[in-house]
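The values are calculated or read from the model by the stated rules, or taken from the named source; none is laboratory data. Remember, it's a predicted structure, so these values are computed and weren't measured experimentally. Heads up, the Cβs are rebuilt from the backbone with ideal geometry, glycines too, and the neighbour counts pull from every protein chain shown. The accessibility values were calculated without ligands, DNA or RNA, using every heavy atom of the protein model including side chains. Shrake-Rupley method; radii C 1.70, N 1.55, O 1.52, S 1.80 Å.
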Amino acid sequence: MPASLATRRTLAAVLAVGALIGAAAVPAAAADDHRHGHHGAHSSVVIGDVENAGRGQDNRALNGEWVEVKNTGRNAVNLRGYTLTDRQGNRYRFNDLRLDGGSAVRVHTGKGRDSRHDVYQDRRRQIWDERDTATLRDARGNVVDTESWGRRGHHHHG
């Protein structure tokens, strides 16, 4: 246990240094973004529809539960390293996935074979509750979009 903790600390330190180096390289790009009125470099990628109505723990019900990630821009975006999390901290990390402009991918909870339009978390139980919040972050950990739902219906932030 102590060894894995030390490894984690080392990894955190390396990531922090990477973030600092990354931040140092940002100003030129950020200045460019402000001219175009974007909130961030990846603001064309948003959370679309959410389906959390599936009931039961079989794979079909689990795959009936999904969150859609949509590219509203014209240019393709690679979602590698993007993460989708729920309120409890369950996290799905995207692999190398090119999302073309105007297209969407559904992130299903259960098991399946990933394609350009459907990816699978390979979980054995549901993670999206009747009241929950999905948070999409880019590869650098910046929040790109959030979507909350519950008794009052869907609330979109971002």
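Of the GluC sites (Glu not before Pro) found in the range 57-158, the ones in coil according to DSSP and having at most 10 other Cβ atoms within 10 Å of their Cβ are Glu130. Each of Gly141, Thr72, Gly102 was placed along the dipole of the range 58-155 (beta-carbon charges, centred on the mean Cα), and the one lying farthest toward the positive end is Gly141. When nucleic acids and ligands are ignored and a 1.4 Å probe is applied, Lys111 ends up with an accessible area of around 90 Å². With protein chains left intact and a 1.4 Å probe, residues in the range 47-137 average 55 Å² of accessible area per residue.
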